[in-house]
Amino acid sequence: MVALFVALMFVGFVLVDLVVQALQARRAAVSAVADVPWNVPKGFYLSEGHTWFRPDSSVGLRVGADALVARALGAVEKVVLPKLGEPVKAGQPLFQLQYHGRELKIPSSITGHVAALNPGLGKRPELVAQDPYGSGWICAITPTQSDGGSGDMRSGEKATAWLEQEFHRFREFLSLQVSPDPALSASYPDGGLPAVGSLTHLRRGGWHAFEAEFLRSQPPQPAP
């Protein structure tokens, strides 16, 4: 009887250990997925200018900067917000992110009016880089066009695939900023990601080049 009891205890310990290992493996898998910066949360739409919007029944469309902008900066010292009630137009600058005297002008993907502002960014502007899809949201916009400015927007798997491509394109952009000659530029033989805050190491001209290449803050010019 004692031997049977001991055997059952042993089996119980083995089962508990297997369960613990399975839970640890699951947590590790979830963590690995969460660490992939181009994963886009469900219900979010990304624009060509690297802003996102998410429908919010209380305020219209909540807006922020996506993970590429967050990783490129790594830190934000000040957010220059639009004014409450201000009209905004798709393709034109909506807000600014500042760091060490330099700034990025981030365009709106929506035409409408500013319906709400994130009150937490005054004291904690770093949230834009730390939690771009959550507490680092910028403002909310009530659209005045039927498509909500969503003509160039992506969501779900399309958004994730596109953002991954943009991260690789940003990596090549940084390489060319080191040297304009592709044969001499920095390489990433392991396919590694650009370091957090890579943009902050560039001169002002590099910031302007990033705006022109990735943010497209100016609306397209009409054909002559």
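Any read-out appearing in this document is the output of simple, stated calculations on the displayed coordinates, not a laboratory observation. Source: prediction; values computed, not measured. Note that each Cβ is placed from the backbone with ideal geometry, even for glycine, and that neighbours are counted across all protein chains shown.
Using a cutoff of 8 angstrom between alpha carbon atoms and counting only pairs six or more residues apart, the relative contact order for the range 45-220 works out to 29 percent. Fully extending the segment from K123 to V36, taken as 0.36 nm per residue of separation minus the present Cα-Cα distance, adds 28.5 nm.
This ranking places R62, R203, R54 by how few other beta-carbon atoms lie within 10 Å of each, fewest first, which gives R203, R54, R62. Please compute, over every Cα-Cα pair in the range 45-220, the percentage with a separation greater than 28 angstrom. So the pairs more than 28 Å apart make up 20 percent of the total in the range 45-220. Coupling constants for the range 108-122 follow from the phi torsions by the Karplus curve (6.51 cos²θ - 1.76 cosθ + 1.60, θ = phi - 60°), and in residue order they are 7, 9, 10, 9, x, 10, 6, 9, 7, 10, 7, x, x, 6, x Hz; glycine and proline get x.
Amide H contacts of T144 (H built 1.01 Å from N, in plane; Pro and chain starts excluded): T111, G112, H113 sit under 5 Å, all sequence-distant by 5 or more or on other chains.
Among V114, V59, a tally of other beta-carbon atoms within 10 Å of each Cβ gives an order, fewest to most, of V59, V114.
Legend: calculated FRET efficiency, A209 to T144, from the Cβ-Cβ distance at R0 = 30 Å, rounded to 0.05, equals 0.40. Distances between placed amide hydrogens fall under 5 Å for S108 paired with G91, Q92, L94, all partners being 5 or more residues away or on another chain. Of the residues W137, W207, the one with the fewest other Cβ atoms within 10 Å heads the list, and the complete ranking is W207, W137. Each distinct pair of alpha carbons in the range 69-142 adds a 1/r term; the inverse of their mean, the Kirkwood radius, is 12.3 Å.
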